[in-house]
Amino acid sequence: MTSKTLMVIILFVINFRMCCTKQYDKYTLFSVKPTTKEQLQFLQNCALQKYFDVKFWNKPHKLNNEVQMMLDTNEIELFSYRAQNLSLKPTIITDNVQKIFDRQTISKYLGFRRNDTFDWKSFYALEDIYTWLKDLSTKYEKQVVLESIGKSNEGRDIYSLAVRKVQGDKEIVIVEGGAHGNEWISVAFVTYLIHQLLESDNHEDVKLKRIAGRYHWYLIPVLNPDGYEYNQKTDRMWRKNRRQIRGKYVGVDLNRNFEYRFGKFDTSTDANDY
């Protein structure tokens, strides 16, 4: 393969990523703090999302709690005018949300022979995380059991890795991450915890050694593989799982779908809501 051909392939991959990934360079991220009932009602009003292209990073549900929200930059002036009438003062965090997303790098895991290429200085694609888990099940075969506990709507495995440092009856701890496709840090936390538990025998931290052997651990790094995959490859703001209804892709917020206080906080009946 010539260097010219390689350059063409690289450019194609870059262009393919740019054309297929939704960009947020024209969005502004800002924070507001509702201190009156009227201000809170203004932010909670369904009409706000109807007339403005607004996406809440944390939804308004309580007075004096900071609310972070993303808005089309072209709509900032009109929104600020309406907010000013209520003495609500938005503070701009960044006028280009895409710059924040671009700093979140995705590294490549090079496999069992290069186990050190999986670390916690950056993030990883679903395929690399699953390869890393499979490599761990081989390296620590006496302590680890890796199994698929089910399939996602789009047919991806949902893997659980069981860590049993000591045999016998023990209390069970279940830790899951990645319920929200856009929260990469929760996936990174669970993989980091897996690493710490498996390496606890070589660690100087006595408490870590004790807790690693006290329980049987079941760790699920990516509970929502469809949402995680779609978030990384198509839309960095996508949060829910993925399912197709009458030819249209929608989803549900997995941790808002338990029987306990169903539909109580931060929920929406809009299938297209982030």
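Over the chain, calculate the relative contact order: mean separation of alpha carbon pairs under 8 Å at least 6 apart, over the residue count, as a percent.
On the way: 429 pairs, mean separation 42.4, N = 274.
Relative contact order of the chain: 15 percent.
When a/c reaches 1.5 or more, the comparison of a/b and b/c decides; with that in mind, is the range 46-173 rounded, prolate or oblate per its Cα gyration tensor? Here the range 46-173 falls in the prolate category. In plain terms, the residue of ILE149, ILE93 with the fewest other Cβ atoms within 10 Å comes first and the most crowded comes last, giving ILE149, ILE93.
Tell me the relative contact order for the range 94-250 as a rounded percent, counting alpha carbon contacts under 8 Å between residues six or more apart.
Details: 250 pairs, mean separation 35.7, N = 157.
The normalised contact order for the range 94-250 reaches 23 percent.
Bridges between two residues of the range 106-228, per DSSP, are antiparallel at a rate of about 55%. Based on C-alpha pairs under 8 angstrom that are at least 6 apart in sequence, the range 27-102 has a relative contact order of 47 percent. One compactness figure for the range 27-102 is 1.02, namely its Cα radius of gyration divided by 2.2 N^0.38 Å. Considering only DSSP beta bridges where both residues belong to the chain, give the percentage that are antiparallel (nearest 5). Of those bridges, close to 75 percent are antiparallel. Here is what passes the span test in the chain: the DSSP H helices with alpha carbon length of 18 Å or more along the helix axis and a Kyte-Doolittle mean of 1.6 or above are 3-20.
Peptides 187-196, 31-40 ranked from most to least packed, by the mean per-residue count of other Cβ atoms within 10 Å: 187-196, 31-40.
When the dipole is taken about the Cα centre of the range 27-102, and only Lys, Arg (+1) and Asp, Glu (-1) are charged at their Cβ, what size is it in debye, to the nearest 20? If you can, show how the numbers build up before the last one.
Details: 9 positive and 8 negative charges, 74 e Å.
Once rounded to the nearest 20, the dipole reads 360 debye.
In order along the range 53-62, the phi-based Karplus estimate (6.51 cos²θ - 1.76 cosθ + 1.60, θ = phi - 60°) of 3J(HN,Hα) comes to 7, 10, 10, 7, 7, 9, 7, x, 9, 8 Hz; Gly and Pro are listed as x.
Taking the Cα centre of the chain as origin and charging only Cβ (+1 Lys, Arg; -1 Asp, Glu), how large is the dipole, in debye to the nearest 20?
Charge dipole, the chain, about its Cα centre: 140 debye, nearest 20.
Can you tell me which lysines have their Cα less than 23 Å from the Cα of LYS59? Leave out same-chain residues fewer than eight positions away. Within reach: LYS22, LYS26, LYS33, LYS37, LYS50, LYS89, LYS99, LYS240, LYS264.
Using the Cα centre as the reference, give the magnitude of the dipole from point charges on the C-beta atoms of the range 166-266 (Lys, Arg: +1; Asp, Glu: -1; all else neutral), rounded to the nearest 20 debye. Mind dumping the intermediate values first?
Details: 16 positive and 14 negative charges, 117 e Å.
Roughly 560 debye, rounded to the nearest 20.
Annotation: the residues LEU133, LEU223, LEU78, sorted from fewest to most other C-beta atoms within 10 Å of their own C-beta, follow the order LEU78, LEU133, LEU223.
A short reminder: the numbers here are calculations on the coordinates, not readings from a lab. Everything quoted here is computed from the prediction, not taken from an experiment. Every residue, glycine as well, gets a Cβ built from its backbone with ideal geometry; the counts of neighbours run over all protein chains shown.
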